[in-house]
Amino acid sequence: MRISTIRTQIVALPNDEPLAGFSENPSATNPIVALRVGTDNGIEGIGVSYFGGRLTATLKRAVDELGALAIDEDPLCVEAVAAKLTAAAGGAGPGGILTMALSAIDVALWDIKGKALNLPLWKLLGGGRDRIATYASGALRRGLKLEEAVTAAGRLREKGYRQAKMQLGLPGVTSPAREVEQARLIRQAVGPEMDLMCDINQRWRVEQAIDIGRRVEDAGVGLFWLEDVTAHDDYPGLARVAAALATPIVGGEYLWGIVPFRHMIEARSVDIVMIDQVRCGGITPWLKIAGICQWSATGSRRSMFTWSGPSLMV
């Protein structure tokens, strides 16, 4: 079997919010690059990439040009294809547009492999379990009005969700007390039994993370985790937050490629590693990062890692 065609298109996804019905900007769209990799025996693999923003057309061009280099290659030899494309890009990586483009191609090749073998991806990756927990992500964003966020939280509870994620690091004029109020009221709305995560998206300084994190703990909110509390590559700062709080600290979503995860883990910066499938470069590097996490789990407070993109706990 050989790769025969590469087709891409930009798709504008509506910025709606189907879980609870509140969107920060319902008229906006989110651009993604969709990829279809064809083979000479008729099997087609699908991949996507995003985070391009106003550079989405550039991202599409990168997928097109790298994909053209994969023509006539064996799609089942995922590592060989990735090595060829990475070498061809010279010093353009390891982060940014190159990694995002490689991710789309890598995912499409895994899709071809699964279809060729008539196996779902979870079995191709080892089949360690046949069920995983998922959480409601995107319904409790920081751009919502407080009453909207509280209403949305109640709807998630009514729909039977057992895990959900909210955001702090509120926009505009805010304060530690205002941040704690948001967390406390959302906890009341979802009830005491739901696992409630919180994403900061790097909006706090280290001192803020420790201060507000402690206040949230003292308020009895009981967060399941606190995510990306400060700059993603401030490994010592993240380690200070992790040491100061009882709440598990999550990080890794903003890291590019494989190597930074080693630095983050060695610094004991986080309790839970979150791997973004696009920024890390696809399923192939995701597996290698997961291996690093498993190898280092003995010395950490927790040995959990997550997949970011589709929000899956694995």
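What the table below lists for this structure:
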{"quantity": "Residue count for region 75-109, restricted to those that are touching a residue at least 60 places away in the same chain (Cβ under 8 Å), open to solvent by 30 Å² or more (accessible area, probe 1.4 Å) and out of contact with any Gly (no Cβ under 6 Å at 6 or more places or on another chain)", "calculated": "4"}
{"quantity": "Matching residues, region 9-38, being open to solvent by less than 30 Å² (accessible area, probe 1.4 Å), in contact with a helix residue (DSSP H, G or I) (Cβ under 6 Å, 6 or more places away or on another chain) and assigned to a strand (DSSP E or B)", "calculated": "Val33, Leu35, Val37"}
{"quantity": "Selected residue (criterion: nearest to Leu226 (Cα to Cα)) from residues of region 240-273 that are open to solvent by 20 Å² or more (accessible area, probe 1.4 Å) and within 14 Å of the chain's Cα centre (by Cα)", "calculated": "Glu253"}
{"quantity": "Checking Met166 against (1) touching a Cys at 6+ places or on another chain (Cβ under 6 Å); (2) in a loop (DSSP other than H, G, I, E, B), the condition it does not meet", "calculated": "(2)"}
{"quantity": "Residues satisfying the stated conditions in region 169-214, i.e. open to solvent by 50 Å² or more (accessible area, probe 1.4 Å), farther than 24 Å from Pro18 by Cβ, outside any helix (DSSP H, G or I) and of a type outside the set (D, E, K, R)", "calculated": "Gly172, Val173, Thr174, Pro192, Gln202"}
{"quantity": "Subset of region 244-294 [of a type in the set (Gly, Ala, Ser), assigned to a helix (DSSP H, G or I) and touching a helix residue (DSSP H, G or I) at 6+ places or on another chain (Cβ under 9 Å)]", "calculated": "Ala244"}
{"quantity": "Subset of region 39-58 [assigned to a strand (DSSP E or B) and of a type in the set (Ser, Thr, Tyr)]", "calculated": "Thr39, Ser49"}
{"quantity": "Subset of region 274-289 that is open to solvent by less than 10 Å² (accessible area, probe 1.4 Å) and among the aliphatic types (A, V, I, L, M) - its residue that is nearest to Leu109 (Cα to Cα)", "calculated": "Ile283"}
{"quantity": "Filter pass, Gly114 being within 30 Å of Arg7 (Cα to Cα) and touching a residue at least 40 places away in the same chain (Cβ under 8 Å)", "calculated": "no"}
{"quantity": "Any hit, region 175-189, residues being within 28 Å of Gly257 (Cβ to Cβ) and not β-branched (Val, Ile, Thr)", "calculated": "no"}
{"quantity": "Residue list for region 215-236, restricted to those being buried (at least 21 other Cβ atoms within 10 Å of the Cβ) and outside any loop (DSSP other than H, G, I, E, B)", "calculated": "Val216, Trp225, Leu226, Glu227"}
{"quantity": "Residues of region 274-299 classified as within 11 Å of the chain's Cα centre (by Cα) and in contact (Cβ under 8 Å) with a residue 60 or more places away in the chain, total", "calculated": "4"}
{"quantity": "Any hit, region 51-74, residues being open to solvent by 60 Å² or more (accessible area, probe 1.4 Å) and over 24 Å from Trp256 (Cβ atoms)", "calculated": "yes"}
{"quantity": "Pick from region 147-168, criterion of a type in the set (Lys, Arg) and open to solvent by 60 Å² or more (accessible area, probe 1.4 Å), ranking: nearest to Ala136 (Cα to Cα)", "calculated": "Arg162"}
{"quantity": "Some residue of region 295-302 being of a type in the set (Ser, Thr, Tyr) and either within 26 Å of Gly191 (Cα to Cα) or modelled with pLDDT of 95 or more (or both)", "calculated": "no"}
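The values are calculated or read from the model by the stated rules, or taken from the named source; none is laboratory data. Keep in mind that this is a model prediction, so the values were computed, not measured. With ideal geometry, Cβ positions are generated from the backbone for all residues, glycine too; neighbour counts draw on all protein chains shown. To get the accessible areas, we keep the full protein, side chains included, count just its heavy atoms, and leave off ligands, DNA and RNA. Shrake-Rupley method; radii C 1.70, N 1.55, O 1.52, S 1.80 Å.
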